[in-house]
1. For segment B:220-288, please list each of the strands (runs of 3 or more DSSP E) lying entirely inside it that holds at least 2 residues being over 23 Å from the mean Cα position of the chain (by Cα).
2. Tell me the residue from A:64, A:76, A:71 that is surrounded by fewer than 17 Cβ atoms within 10 Å (Cβ to Cβ) and touching an Asp or Glu at 6+ places or on another chain (Cβ under 7 Å), please.
3. Within segment A:329-394, which strands (runs of 3 or more DSSP E) (wholly inside it) include 3 or more residues that are away from chain B (no Cβ under 13 Å)?
4. Only residues that are modelled with pLDDT under 95 and surrounded by 14 or more Cβ atoms within 10 Å (Cβ to Cβ): list them for segment B:198-251, please.
5. Just one of (1) within 14 Å of chain A (Cβ to nearest Cβ); (2) part of a helix (DSSP H, G or I); (3) out of contact with any Lys or Arg (no Cβ under 6 Å at 6 or more places or on another chain) trips up residue B:166, so point out which.
6. Taking the stated definitions as given, is residue A:427 more than 26 Å from residue A:345 (Cβ to Cβ), away from every other protein chain (no Cβ under 14 Å) and surrounded by 22 or more Cβ atoms within 10 Å (Cβ to Cβ)?
7. Quick check on my filter: what residues within segment A:386-403 are within 30 Å of residue B:162 (Cβ to Cβ) and surrounded by fewer than 18 Cβ atoms within 10 Å (Cβ to Cβ)?
There are 2 protein chains.
Amino acid sequence: MKKITLVFLLIVVQTFAQTEDEKQIRQIYDAALENGEAYNWLNYLSNRIGGRLSGSVQAQQAVDYTKRQMDSLGLDRVWLQPVMVPKWVRGTPEFAYMETNPGVTTNLPICALGGSVPTYGRGVKANVIEVHSIDELKTLGKEKISGKIVFFNRPMDPAKVNTFEAYSGAVDQRGRGAAEAGKYEALGVIVRSMNLRQDDYPHAGGMNYGDIPEAEKVPAAAISTNGADLLSATLKLNPNTQFFFKLNCKQLEDVESYNVIGEIKGSTNPDEIIVVGGHLDSWDLGDGSHDDGAGCVQSMEVLRILKKTGYKPKRTIRAVLFMNEENGLRGGRKYAEIAKDANENHVFALESDSGGFTPRGFSFDASDEKIARVQNWSKLFEPYYIHMFVKGFSGADISPLKNDKIVLAGLRPDSQRYFDHHHAENDTFEHVNRRELELGAGAMTSLVYLFDKYGIE
Amino acid sequence: MKKITLVFLLIVVQTFAQTEDEKQIRQIYDAALENGEAYNWLNYLSNRIGGRLSGSVQAQQAVDYTKRQMDSLGLDRVWLQPVMVPKWVRGTPEFAYMETNPGVTTNLPICALGGSVPTYGRGVKANVIEVHSIDELKTLGKEKISGKIVFFNRPMDPAKVNTFEAYSGAVDQRGRGAAEAGKYEALGVIVRSMNLRQDDYPHAGGMNYGDIPEAEKVPAAAISTNGADLLSATLKLNPNTQFFFKLNCKQLEDVESYNVIGEIKGSTNPDEIIVVGGHLDSWDLGDGSHDDGAGCVQSMEVLRILKKTGYKPKRTIRAVLFMNEENGLRGGRKYAEIAKDANENHVFALESDSGGFTPRGFSFDASDEKIARVQNWSKLFEPYYIHMFVKGFSGADISPLKNDKIVLAGLRPDSQRYFDHHHAENDTFEHVNRRELELGAGAMTSLVYLFDKYGIE
């Protein structure tokens, strides 16, 4: 009889707890959807400030603006964390054309890849060799490549339903293409934009020369998907087509910039730190609304909603707007370095850096056991159409925090439209839907709330 | 020992079947994403033809175009099914303004609601009474309403995560507002657009006078959400603000139109019919890309993909492009009537009429037992991020097919952006993402494939 009573009580307690959580999460979503601030903040970041490449005036304006906004939220502490960042500037003009016959030219939309050297002098003009992989360079060898412009034209695979997989499968061309082509004495590199759509936007993004001596670095640019198809078709008709491009980009000295941090102090476990973040820098062509203005304003919104709903966290909760994710990851590294030096105990970090689209769930970088525990909460998210609780990559900025103990997580929004805008001129505010952005903030706040309340041990 | 062997065999068979299905569904998605036709068809429907209100030239062009396209797919039969449809025309001009003081006017964006009578003579000008529900009319009574324009201004609830719920909670104002306000001798009705966004687009949509005598019908228009807020704020400052609107719409005689039907004959169970469909008509303000050009081209794509992948259906599979969903449902009713008269055995019907956005799953209108059987397939959809297999409304056009036996289903795309465009000038092709549309076609084809292969009994 006693045993039966005990079972009964346990069920009552669990049902009650469930109801409390359901209620809190509903309040969180109401705060996000009815009176959200994320969209207004993003409007300012995108339309009043614009693209925020590390070291730029706009990056500094974004630091000042987001600090001011966090100052107004009544947090326990808001501060700037200094970090030296690389300053690469695009310069103007940059342009390209193909020349099918002497004097017969067609302009093609290109942009320098971040980190590229310029085309010194009057630009580079040469014959083109089209390849579809870095491996193919080896097969062709120096004989076929030397003195030419290498045109990497392997498209993202449209059959991949998760577009991030399609991106991973193609982005080596952008990241390492120039370094590899340089080994075979190519004069320059043109890479098909990482874009699943056919359009005229060249997509920027980082590239890396590795440890190549300065003199051996070849300039690298992205070409729009339509431009790539036109160039490829033209080369088939006339393999002697010449390609010309001019880049005026430059790597300047490192400059000081900042991570922007706001914090609500934990009431009972203040030494256990939960981080929610995005990166404040962006590429320079668009205004960085999806990448990653969205993640920044969502992270700020997490703190605003927790305050607004009157929730008093047990643990310390920080929104961190990281600087320099795009071309250095200096902000993420600096944050982790300082946390380590101060012996801070980070228990959970959640990043939003996959666009402000309808959230589908979360990916977790942690032990299977810990992920299984988090998955216990998934039922609470079903009314909000959050279905994915999967093992996977979390986010670049929080990755330096990784250790055996911390749970790293990434918001996983619907990925279909992300690469239409990624790093391009059309990553702009009007392509962010207010509700989709707000639903992301609601999902993030709910997960932070659960993690704060229950921990993971 | 014998028993153990049996169990072992059963597992092997099931695993093999699973693998076959996985392979077929992968092929279906490849066909949708790599060489899909849906987007091209929609481009033509939207940009070459445009809005397709029942009885319009464009509706007839859409009938001709889609029949021609289905003719080219190598189906077993393509035909037009005649149906008489209502012909309501908007007429021009239609416009509105508010007058805060004599001669001080501000234009406001409105559009006639479908089925409305015109504002006879020079238009309607009167004082405005703002209400938030049909119930409120009763409280106010004839004394407060007579001689005025009733302004229904209850917004869709932004806290509803599923925007269709927010729509259901507000659309009675549009559907029955004029009929109810007429009872209290209102002179006209203005309804806040069914839109969760703040913008300047008035959203059309059907309304119904019920059995009110012609003379008592009052004209009804939608006003944009920004316009509604401006009017409401103005009325608070100056309750004597007058509102003027002019509508030139007209209900003409019914005209003949068509459902467009394409069919692949079943190999072993040809008498069991599976329908996949959308509606070919649309409102007239935009080009009807999401509502419901998307559903039509996805339905055609189901047949194309089945042919393309070499799948030979056991059952007969029909794509039906229904006419007149928006203001009559005549096509859906006619199709069901003819099916009944011919003693056709419809076993499954799937409609796509919620926009061409990323599919999240399906809703099913069937017995719990049947839904449970369908849910057994849900694992197969997980690699494609299809998570929802829920009980719920399927689709208007297929609803007349309902009986105890048939399974009705609706594609459930992400709903966040649907009402930004629904029935408005901005329901246009550029707001459809190719991949999102194609993923819907992939999901629909996969479900049709499974239903055809396994049935539900």
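The values are calculated or read from the model by the stated rules, or taken from the named source; none is laboratory data. If you're wondering where the values come from, they're calculated on a predicted model, not measured in any experiment. Cβ atoms come from the backbone with ideal geometry, glycine included; neighbour counts cover every protein chain shown.
1. So the answer is B:242-246, B:250-264, B:269-279.
2. A:76
3. It comes to A:345-351, A:359-365.
4. Residue satisfying the conditions is B:212 alone.
5. The single condition residue B:166 does not satisfy is (3).
6. Yes.
7. A:388, A:390, A:391, A:392, A:393
Condition check ((1) within 21 Å of the chain's Cα centre (by Cα); (2) under 30 Å from residue A:196 (Cβ atoms); (3) of a type in the set (Asp, Glu)) across all residues:
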{"site": "B:35", "(1), (2), (3)": "no, yes, no"}
{"site": "B:43", "(1), (2), (3)": "yes, yes, no"}
{"site": "B:50", "(1), (2), (3)": "yes, yes, no"}
{"site": "B:55", "(1), (2), (3)": "yes, no, no"}
{"site": "B:62", "(1), (2), (3)": "yes, yes, no"}
{"site": "B:66", "(1), (2), (3)": "yes, yes, no"}
{"site": "B:71", "(1), (2), (3)": "no, no, yes"}
{"site": "B:74", "(1), (2), (3)": "no, yes, no"}
